[in-house]
Amino acid sequence: MRDYILKSRHTTTLRGFATFAAITLLSTPALAHTIPGQAKGFVTGFLHPLSGLDHVLAMVAVGIWGAQLKRPAIWILPVAFPLVMSLGGLLGMRGVPLPGVEIGVAASAVVLGIVIALELRPPLWVAALIVSAFAIFHGHAHGTELPKAASPLTYALGFVLATGLLHVSGILIGLVDLLPVGGKLLRTAGGLIATTGFVLLAALVGHT
């Protein structure tokens, strides 16, 4: 009976994710008929979080950690990150300087990977604070690379949507925690994320 319930939950989540992704893909072409620059802004913004491994790892890690912490963290962390990231993106678009942005982005993968690997369970406000602090760096990195003639609004919507999908991917991965060996698999995934983030961070520091 338990296996049936777990399988049912997993299937429902996958169907929901597939439906959301399909709607997103189908709605994207409509932007081509709006004000010039908006389509470019949305597509570029959507692809930007996917262009860097450190970005992808950190955003997936947020979803995994939220799933690992269970409710309400499973939805609070993936919501807090894009909201605060939007603020960082606005700062970047306006040219407000933020020291060590790239280092902060790479470090986020290291730290989030470590907390998953160690299965740390701090108070919810502490977890949200950690995620939000790194979200500022990710948002600023996106904002400073706003293409010329692109719509800032649609560009921001693009990278926020892509971030949300990466969080959902992390949550889906985190569902393996429901399995008997799920905890071990997630800790291993956290270790891999932290290790990869450390390599990226070391390479970044070596080039500065």
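The values are calculated or read from the model by the stated rules, or taken from the named source; none is laboratory data. Predicted model only: the values in this text are computed from it and were never measured. Cβ placement follows ideal geometry from the backbone for every residue including glycine, while neighbour counts extend to all protein chains displayed. Surface accessibility is based on the protein's heavy atoms, side chains included, excluding ligands, DNA and RNA. Shrake-Rupley method; radii C 1.70, N 1.55, O 1.52, S 1.80 Å.
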List, in order, the whole-Hz ³J(HN,Hα) value for each residue of segment 115-127 obtained from phi through the Karplus relation with A = 6.51, B = -1.76, C = 1.60 and θ = phi - 60°; use x for Gly and Pro. 5, 6, 4, 8, 6, 5, 10, x, x, 4, 5, 5, 4
What list of ³J(HN,Hα) couplings, whole Hz, do you get for segment 179-185 from phi and the Karplus terms 6.51, -1.76, 1.60, once you set θ to phi - 60° and write x for glycine and proline? 7, x, 9, x, x, 5, 5
With all protein chains present, segment 103-150 has a carbon and sulfur share of its accessible area (1.4 Å probe) in percent of 76
Keeping every protein chain present and rolling a 1.4 Å probe, give me the accessible area per residue for segment 96-165 in Å². 42
Between LEU178 and VAL199, how many nm apart are label points set 7 Å from Cα along the C-beta direction? 3.2
So, with points 7 Å from each Cα along the Cβ direction, the ILE103-LEU47 label distance in nm works out to 3.1
